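The values are calculated or read from the model by the stated rules, or taken from the named source; none is laboratory data. Computed from a predicted structure; not experimentally measured. When we count neighbours, we look across all protein chains shown, and the Cβ atoms used for this are built from the backbone with ideal geometry, even at glycine.
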Amino acid sequence: TSGHLRHVESMAQLPSGAGRISHLNAVVLGESLASEEHDLVFPSPEFSSQALLSSPEHGFWSEIAKEFYWKKGWGDGPIVEQNLDVRKGTVKIEWFKGATTNICYNALDRIIGRGDGNKIALYWEGNEPGHDAKLTYNELLEKVCQLANYLKDIGVKKGDAVVIYLPMLMELPIAMLACARIGAVHSVVFAGFSAESLAQRILDCRPKVIITCNAVRRGPKVIHLKDISDAALLECVNNGVSVGVCLTYENQSAMKKEATKWVEGRDIWWQDVTPKYPTTCAVEWVDAEDSLFLLYTSGSTGKPKGVLHTTGGYMVYTATTFKYAFDYKPSDIYWCTADCGWITGHSYVTYGPFLNGASVLVFEGAPNYPDAGRCWDIVDKYKVTLFYTAPTLVRSLMREKTEYVTRASRKSLRVLGSVGEPINPSAWRWFFNVVGDSRCPISDTWWQTETGGFMITPLPGAWPQKPGSATFPFFGVQPVIVDEKGNEIGGECSGYLCIKSSWPGAFRTLYGDHERYETTYFKPFPGYYFTGDGCSRDGDGYHWLTGRVDDVINVSGHRIGTAEVESALVSHPQCAEAAVGIYAFVTLIDGVPYSQELRQSLVLAVRSQIGAFAAPDKIHWAPGLPKTRSGKIMRRILRKIASRQLDELGDISTLADPSVVDQLIALTDS
Ligand code: PRX
């Protein structure tokens, strides 16, 4: 609750223009309250309901929600029903239940209705410089409606799943919005995933349709997505699941129609059908708690989790976080480099920005093609004002000559953003000083697939930043840091990051597995949502995310379960065991010799089962792995060996066989 008050306080300062809330005041307020936790005096519901600002559970989110169109309102009842405490029964989160709306209507028709129909909704920049396109809000709505009508015509109904396996073409957000318009549940699969990963996701959600394209160019490479889809669909048929329609967009600049392999009766060209349909399409009004999309994400076991988001709360939350964390103004040109295959592309390429009526840039290509200055050339070409990216991209471009940045003026830039992993202070400074000419604040947004939207984020005009810190929670978000026993710890501390109360954008379940939802997220620290991240808080109350504390790892900003990579490695007939960091320690079948070829074929196993982005950079031959007597691999020791911190191995006496450590060290550069 001190968190609430603290942020209601900071919120109260926002619109006044008196500007900068003193974060110190906020923290002092928070802390003095925390020390008198038992003396909190709440406003009465009568007072809250008429106050200009009230707590999230009371009027706060319902006031904001009134900016959207609801076919039917949520009445006078509470806007949220929640139980986050497993000890009190099933975990449940519902916002605006009983109200009906449509997120596509809010993102397009509502924006057009307020007079922005001729505003550019989408700018598209192709892989090759000079290859581009754009759509106004009116045109975007027409394209969405044509596809929506086609999908309805082939029998896609409210609640049906649709898998989208597309690169960053305009057709990707179009397909997402078309599904939302008719109440279908989209599941976008990142176009870097392999056929096996795609098949696994299709087998889990059983879509009526898959939407793909024949191929895409990324940098100098051509990726044949239709071939990958074919392989995935074949694998599904072998597992008893057949998808009726494979709607394929002809991406002419990468591959011609004639060269595309075709399965008659199943495959349909997007361009053959959609132009025949009307450019208007009635909206399917759905309950605020009806499913909007499923997005598979890596967990600490092999099977990806189908994170389920619903409509109403997600809509209100993504729109509001976008607006405040990027200080969005109607004249902004916004570019987020994330792919719609990840949550960032859902919440902050598609939904959040369109719900604000923003002009959004989508880029098909690679940031270093034709050279390392491409991003900054694009910034100048479109006069991008808000640029949102990942630390991995910042670090890779930082290694290149500064002239790649300085040859572009970058005058238009106003706010920079970072997401996906902690941004180290040196990368932060380069981003701030070189890219942003020391002029643009950086919104280092901490959040997750599960959270739907920003949780801990700077409000760029409101408080001072510290390079590498995501700063403070968004309105109404109550992060707490707990120790191993689940006790909240206050003041300057570090521990496990949990969230105390729900927020509108929270995921509601894991598709088809509510038990796994409870076990993974709510049982580790009863009473809280457990994020899986470590975090420390400094003396000024700033939050510093320290990375995952579970077996989930971050490879180039992409989240991947160690178990997924491990299972790809051990599926290799000559591999007995593997533990992954994505520096992989690999134990071979007894008697099999190490070789360069074997190393390559192991890497290939990961590439083909998960995707190229997850391929290990290093394989360390391991005659044995350091395990406890109960058989648990001690990854802590592996990490130290991998990073050559041999004097920091710590206590190894609890290992079943301490001598494996010396063997591993001896094989370090094998
Ligand atoms: O470890 C945190 C890291 O990314 C994880 C979530 O990954 P995913 O669900 O794929 O979503 C990525 C995009 C939201 C988190 O548990 N992470 C994300 N943003 C940050 C971060 N770590 C530190 N700082 C961030 N800004």
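Considering only residues that are free of Cβ contacts under 8 Å to residues at least 24 places away in the same chain and surrounded by 20 or more Cβ atoms within 10 Å (Cβ to Cβ), which ones fall in the range 70-111?
Selection gives I79 alone.
Restricting to the range 326-352, give me the number of residues that are touching a helix residue (DSSP H, G or I) at 6+ places or on another chain (Cβ under 6 Å) and not hydroxyl-bearing (S, T, Y).
Matching residues across the range 326-352 total 6.
In the range 432-461, what residues are within 16 Å of the ligand (Cβ to nearest atom) and over 30 Å from G299 (Cβ atoms)?
Here is the first cut: in the range 432-461, the ones within 16 Å of the ligand (Cβ to nearest atom) are 432, 441-460.
Listed by number, the residues that qualify are F432, P441, L459, P460.
Which numbered condition trips up A26, out of (1) part of a helix (DSSP H, G or I); (2) modelled with pLDDT of 80 or more?
Tallying (1) part of a helix (DSSP H, G or I); (2) modelled with pLDDT of 80 or more, A26 fails exactly one: (2).
For every residue, the table says whether it meets (1) more than 12 Å from the ligand (Cβ to nearest atom); (2) free of Cβ contacts under 8 Å to residues at least 40 places away in the same chain.
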position	(1), (2)
K523	yes, no
G534	no, no
Y542	yes, no
V565	yes, no
V570	yes, yes
C575	yes, yes
G581	yes, no
A584	yes, yes
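In the range 462-482, how many residues are more than 14 Å from the ligand (Cβ to nearest atom) and among the charged types (D, E, K, R)?
Residues that pass the stated criteria total 0.
If you check L416 against the conditions, is it of a type in the set (A, V, I, L, M, F, W, C), more than 22 Å from P167 (Cβ to Cβ) and surrounded by 21 or more Cβ atoms within 10 Å (Cβ to Cβ)?
When the stated conditions are applied, L416 passes them.
Please go through the range 408-431 and pick out each residue that is in contact (Cβ under 8 Å) with a residue 40 or more places away in the chain and within 13 Å of the ligand (Cβ to nearest atom).
Those that are in contact (Cβ under 8 Å) with a residue 40 or more places away in the chain and within 13 Å of the ligand (Cβ to nearest atom): G417, V419, G420, E421, P422, I423, N424, P425, W428.
Scan the range 568-613 for residues that are of a type in the set (A, V, I, L, M, F, W, C) and part of a helix (DSSP H, G or I) and jot them down.
Of everything in the range 568-613, those that are of a type in the set (A, V, I, L, M, F, W, C) and part of a helix (DSSP H, G or I) turn out to be A568, L569, V570, L598, L602, V603, L604, A605, V606, A612, F613.
Going by what's in this entry, would T445 be described as modelled with pLDDT of 95 or more, surrounded by fewer than 22 Cβ atoms within 10 Å (Cβ to Cβ) and under 19 Å from H346 (Cβ atoms)?
No: the conditions fail for T445.
Looking only at residues that are modelled with pLDDT under 75 and part of a loop (DSSP other than H, G, I, E, B) in the range 52-69, which one is surrounded by the fewest Cβ atoms within 10 Å (Cβ to Cβ)?
Of everything passing the filter in the range 52-69, L52 is surrounded by the fewest Cβ atoms within 10 Å (Cβ to Cβ).
Looking only at helices (runs of 4 or more DSSP H) that lie completely in the range 116-235, which have at least 2 residues being more than 23 Å from the chain's Cα centre (by Cα) and surrounded by fewer than 18 Cβ atoms within 10 Å (Cβ to Cβ)?
In the range 116-235, the matching helices (runs of 4 or more DSSP H) lie at 137-153.
Please verify whether S347 is among the hydroxyl-bearing types (S, T, Y), in contact (Cβ under 8 Å) with a residue 40 or more places away in the chain and within 16 Å of the ligand (Cβ to nearest atom), treating the condition exactly as stated. Quick ask: steps written out before the conclusion?
Values: among the hydroxyl-bearing types (S, T, Y): yes; in contact (Cβ under 8 Å) with a residue 40 or more places away in the chain: yes; within 16 Å of the ligand (Cβ to nearest atom): yes.
Here the answer is yes, as S347 does meet what is asked.
Kindly indicate which of I560, I637 is of a type in the set (A, V, I, L, M) and within 16 Å of the ligand (Cβ to nearest atom).
From the options I560, I637, the qualifying one is I560.
Go through the range 288-310 and count every residue that is farther than 12 Å from L510 by Cα, at pLDDT 95 or above and over 17 Å from the mean Cα position of the chain (by Cα).
Within the range 288-310, residues that are farther than 12 Å from L510 by Cα, at pLDDT 95 or above and over 17 Å from the mean Cα position of the chain (by Cα) number 3.
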